[in-house]
Amino acid sequence: MIKHIVMWRIDKAPAESMSRTIPDLKKMLLKLGGSVPSVLHAEVGIEEGLPPTMVLYMEFRDRAGLEEYSIHPEHLAAVTELRKHTTKLGSVDYETGKKRGNRRFNIHRDKTKQNGN
């Protein structure tokens, strides 16, 4: 099983529209769980704060399922929308095995933030 975790800071939305933006983003991400066949499970958590933080957790049967998700048109549209309202803090994809300790990690950092873009 592959677990996919992404974290964003919701820091580009105007304060007056934040109460609308947060539920809309959460709904959009959860919808991916129903529209992309390879997603086995999806959760979204929001930590209210200034600025709020949002975390996406998804499960896939295998790496092929994660790849299918990553190129799916609805996922690509969601990425475009998220970039309007958030700064990506990072993501982690990892494989869980049957034996304890049998895990492989791939950690992805937002390169645009590091380059000052």
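Just so it is clear, none of the values below were taken in a lab; they were calculated from the coordinates. All values reported here derive from a predicted model rather than from experimental measurement. So basically every Cβ, Gly included, is an ideal-geometry build from the backbone, and we count neighbours across all protein chains shown.
Fewest-first ordering of 63, 20, 9 by other beta carbons within 10 Å of each residue's beta carbon gives 20, 63, 9. In this structure, residue 35 and residue 11 have a Cβ-Cβ separation that, at R0 = 22 Å, corresponds to a calculated FRET efficiency of about 0.25.
Loop-located GluC sites (Glu not before Pro) in the range 1-89 (DSSP state not H, G, I, E or B) with no more than 11 neighbouring Cβ atoms inside 10 Å: 48.
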